[in-house]
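See structure below.
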């Protein structure tokens, strides 16, 4: 079967090239933005505390390196797309390769920006409290590492799509399902990556404000980040269903559109809850550092607030599953 008048090999190579460009082009957005934020806060920190410029610069470079990792994931996927040997060309393989690039490209945006938030705020924190710079850097490393989780989800899905066998599979609606799978994880990762960074940034500031509250602040940060990651987990779940469920062959437009819409629904539906959960965690972490005696109450309030924000991601997942199994 051909599409757009192209033979199978040409169509598949075209999709691979577009996917590679999307992976790297979109993937560069988040990392560059996060690194720029880090550098801007480092400049401000040095202006406030020039005598500690050495520690601030080292912290900035470490933070930027972690923020860069999301774009490195994108680079790996892009290189694979551009130079891989295509053994089973066709519409399904073309859709799978295009979806891989979109998944990794979108999936790197939130993690790149999110990792830049704690990296930048930790520079200011060191300028404020240089005596505990080691503790601040450790807290930053933990927070930025968690921010990379959505990008890792996106890379896993992209790799599955890259190497998924397309032999003997009906072109429609499976092709639409695979593109939906890439969009589900890729888009949902944006909110979770950014939201996790908001919580981690507040944690770095909290450690500088009250170093003795480090344990309570870090614990609240990790719990808040864990909840902020769940929309990307929902996106991953929908992607797995779309990638591994067998769909009967159908040339009806509604069948393909339904599966593509399922991925789009979960992907877009995960952005807001991820950011909203991060906002909630950011507020809780900030105030735990100021009123550590209320840390238990603040933690409970944070979880209740995040649960309500999370409900919209659950609605998106329900609609996505209805589109897959019912419509």
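Details
- Selection count where residues are over 24 Å from residue 275 (Cβ atoms) and either surrounded by 22 or more Cβ atoms within 10 Å (Cβ to Cβ) or over 22 Å from the mean Cα position of the chain (by Cα) (or both), scope the stretch 68-86: 8
- Filter pass, residue 118 being touching a helix residue (DSSP H, G or I) at 6+ places or on another chain (Cβ under 9 Å), assigned to a loop (DSSP other than H, G, I, E, B) and touching a residue at least 12 places away in the same chain (Cβ under 8 Å): no
- Conditions (1) surrounded by fewer than 20 Cβ atoms within 10 Å (Cβ to Cβ); (2) at pLDDT 95 or above; (3) closer than 23 Å to residue 239 by Cα: number failed by residue 89: (2)
- Condition met for residue 270 (touching a helix residue (DSSP H, G or I) at 6+ places or on another chain (Cβ under 9 Å) and closer than 23 Å to residue 202 by Cβ): yes
- Screening residue 220 with (1) under 22 Å from residue 67 (Cβ atoms); (2) buried (at least 24 other Cβ atoms within 10 Å of the Cβ) gives one miss only, at (1).
- Within the stretch 208-223, none of the residues are within 19 Å of residue 109 (Cβ to Cβ), assigned to a helix (DSSP H, G or I) and touching a helix residue (DSSP H, G or I) at 6+ places or on another chain (Cβ under 6 Å).
The values are calculated or read from the model by the stated rules, or taken from the named source; none is laboratory data. This is a predicted model, so every value here is computed, not measured. Cβ sites come from the backbone with ideal geometry, for glycine too, and all protein chains shown count toward neighbours.
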